[in-house]
Amino acid sequence: MPIPFPFDFKHPDYLEVFEWRADRLRKLRSDPDNINILKNHYKNDPAQFIIDWGCTYDPRHVAIGLPAIVPFILFPKQEEWVHWLMDHWKNRRPGITEKSRDMGLSWLSCSVAATLCLFHDNLNIGFGSRKEEYVDRNDDPKSLFYKIREFVSLLPKEFRPGWDRKRDAPFMRIKFPHTSCIITGEAGDSIGRGDRTSIEFLDESAHLSRPHLIEASLSATTDCRIDISTPNGMNNPFARKRFSKEIDVFTFHWRDDPRRDEEWYIKKCKDIADPVVIAQELDLDYAASIEGVLIPSAWVQSAIDAHVKLKLDITGIKKAGLDVADEGRDKNAICFRHGILADRIESWSGVGGDIYRTVEKALMLCKTKAYELLDYDADGLGAGVRGDAKNIIEKMKYKIYVSPFRGSGSVVDPEKEMIPGRLNKDFFANAKAQAWWSLRSRFQETHRAVVHGLEYDPENIISISSYNLEISKLIVELSQPTFTTNNSGQIIINKSPENSMSPNLADSLMIAFAPIRRIPKGFFSG
């Protein structure tokens, strides 16, 4: 059962949690059979066990009048990660977790590993890091094994029967006698060599010194390898896997943490100062140090709720942009634009490549939100949208105009100048380059207005609603595309550098905000 009272993560009342736990423990001890029932539940729901009984340690709490050891109350994104991990373990699949700095992932992974070992039999869970001291060192709170020892030691004895810290938790090894489980630690180039593990956690794997050696070591070690790291550029296996289409990615952005807000972010930016470090370790920008990034992460951050920051009313065009999924693991995505506001952006699976269902869902969403304009990506699989849309609209009895966006096609207003001194037809290689550059200009002007207080044209900025559920992924995707010039000096866009996955959410936003053509003949109306 969840905590029976609201928990304020910014102003936590840990005393109330401790009192609730103590009262619950007294009731459980009065009827031991209930403990066995709970154990069966926790076996498949480690997140709830951590919330109910787990503790974490943070010495920074003392400075603000809180105890250093406090209940480990998971916020929603942390709970979601635990369920994600359980799914990957049970289905024997690897995964990647990209994270902003200081999101509690070390404590969380350690706590989940310990919980699994408390309630399952014969598990061997491994932890690896680039240095031995990060895995285990003389009760150093920074080390992973310190966190595991503390977590287990602070649990009620009923959940750790017979466990003795001195006997069962020696260097680089933690045993659970009642379940015959073990957690092992390794460091350096030979992580995982010669061993077999149920789950292998690789901590800060984007920062490994010689990752190619570890890739070889871990190749036959486990079916469930979980890499956890902040970004460290594009030239490492973590980044290459993160942007491939072959492995699941879980994103932990600082905006997913209810303890953080815009004020916290601004202070962090001032404390850290280095824009590359901010972009990589807070904003999850893999291309922070790469030349040619089209939309820097700092500009994207400035655009989050920019209409609120600048106290603007939202008026204007209501248009949706639909990016149709490629085959495989790619996703469909749709962005609903109201004037300068990206009001709602969402994605759904494209597995199976059923274009009809994709179009049907997109049009129903438009009808629900009273949008009468929908532009769709007409290149690739999107070419089939036109025929399906006509049939669906006839049945819907709702007037909606559907228009193709052909990124490979010609630019809008070729004889005009988006960039002073350069005709659009001379500056942009195609419509995709023009649309992405137009989006870049919006983000740049927004950043200048929000951060530097410069004058701006309210029609030429962009605001992204913070209420979008997939905002963390969108933020990362928007800084993925790069730009170069072709032999004719025209701008060309690479949406997927380093063979990364297509940025579907960002593509849908780009389509929604693309320069508008005149409504051609052949639009569909119901």
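The values are calculated or read from the model by the stated rules, or taken from the named source; none is laboratory data. Only a predicted model underlies this, so the values are computations on that prediction, with no experimental measurement involved. Using ideal geometry, Cβ is built from the backbone for each residue, glycine included, and neighbour counts are taken over all protein chains shown.
Details
- Screening the candidates LYS43, LYS27 for the property of being within 17 Å of LEU118 (Cβ to Cβ), among the charged types (D, E, K, R) and touching a helix residue (DSSP H, G or I) at 6+ places or on another chain (Cβ under 8 Å) yields one hit, LYS43.
- Among the residues of this structure, SER190 counts as one that is assigned by TED's automatic domain parsing to the domain that holds PHE250, more than 21 Å from ILE247 (Cα to Cα) and in contact with a helix residue (DSSP H, G or I) (Cβ under 6 Å, 6 or more places away or on another chain).
- Being within 30 Å of PHE9 (Cα to Cα) and either at pLDDT 90 or above or out of contact with any helix residue (DSSP H, G or I) (no Cβ under 7 Å at 6 or more places or on another chain) (or both) is true of ASP261.
- Lone qualifier among TRP81, TRP89 - being surrounded by 17 or more Cβ atoms within 10 Å (Cβ to Cβ), under 21 Å from ARG196 (Cβ atoms), in contact (Cβ under 8 Å) with a residue 12 or more places away in the chain and aromatic (Phe, Trp, Tyr): TRP89
- Residue in region 152-173 that is surrounded by the most Cβ atoms within 10 Å (Cβ to Cβ), counting only those that are in contact with a Lys or Arg (Cβ under 9 Å, 6 or more places away or on another chain) and among the aliphatic types (A, V, I, L, M): VAL152
- Qualifying residue in region 414-429 (condition: surrounded by 14 or more Cβ atoms within 10 Å (Cβ to Cβ), within 26 Å of the chain's Cα centre (by Cα), among the small types (Gly, Ala, Ser) and assigned by TED's automatic domain parsing to the domain that holds LEU322): no
- Filter result for the condition that a residue is surrounded by fewer than 22 Cβ atoms within 10 Å (Cβ to Cβ), assigned to a loop (DSSP other than H, G, I, E, B) and in the same structural domain as TYR42 (by TED's automatic domain parsing), over ARG101, ARG149: ARG101
- Looking across region 163-187, the residues that are in contact with a helix residue (DSSP H, G or I) (Cβ under 9 Å, 6 or more places away or on another chain), more than 13 Å from VAL135 (Cα to Cα) and either modelled with pLDDT under 95 or among the basic types (Lys, Arg) (or both) come down to ARG165, LYS175.
- Some residue of region 386-402 being surrounded by 14 or more Cβ atoms within 10 Å (Cβ to Cβ) and more than 21 Å from ALA320 (Cβ to Cβ): no
- Screening region 497-526 for residues that are crowded, with 16+ Cβ neighbours inside 10 Å and farther than 22 Å from ILE334 by Cα and picking the one that is modelled with the highest pLDDT gives PRO497.
- Single residue of GLU263, GLU281 found to be free of Cβ contacts under 8 Å to residues at least 12 places away in the same chain and not hydroxyl-bearing (Ser, Thr, Tyr): GLU263
- Counted residues, region 95-154 - those being within 26 Å of TYR286 (Cβ to Cβ) and of a type in the set (Ser, Thr, Tyr): 6
Yes/no matrix, rows are residues, columns are (1) crowded, with 16+ Cβ neighbours inside 10 Å; (2) part of a loop (DSSP other than H, G, I, E, B):
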position: PHE5; (1), (2): no, yes
position: LYS10; (1), (2): no, yes
position: ASP23; (1), (2): no, no
position: ILE51; (1), (2): yes, no
position: HIS61; (1), (2): yes, no
position: LYS77; (1), (2): yes, no
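- Condition met for ILE334 (on the phi < 0 side of the Ramachandran plot, surrounded by fewer than 23 Cβ atoms within 10 Å (Cβ to Cβ) and touching a strand residue (DSSP E or B) at 6+ places or on another chain (Cβ under 8 Å)): no
- Of all residues making up region 166-183, the number that are without any contact (Cβ under 8 Å) to a residue 40 or more places away in the chain and aromatic (Phe, Trp, Tyr): 1
- Of all positions in region 463-482, none carries a residue that is in a loop (DSSP other than H, G, I, E, B), out of contact with any Ser or Thr (no Cβ under 7 Å at 6 or more places or on another chain) and farther than 25 Å from ASP256 by Cβ.
- Total residues in region 480-496, condition more than 16 Å from GLY407 (Cα to Cα) and buried (at least 20 other Cβ atoms within 10 Å of the Cβ): 1
- Flag if LYS245 is out of contact with any helix residue (DSSP H, G or I) (no Cβ under 9 Å at 6 or more places or on another chain) and at pLDDT below 90: no
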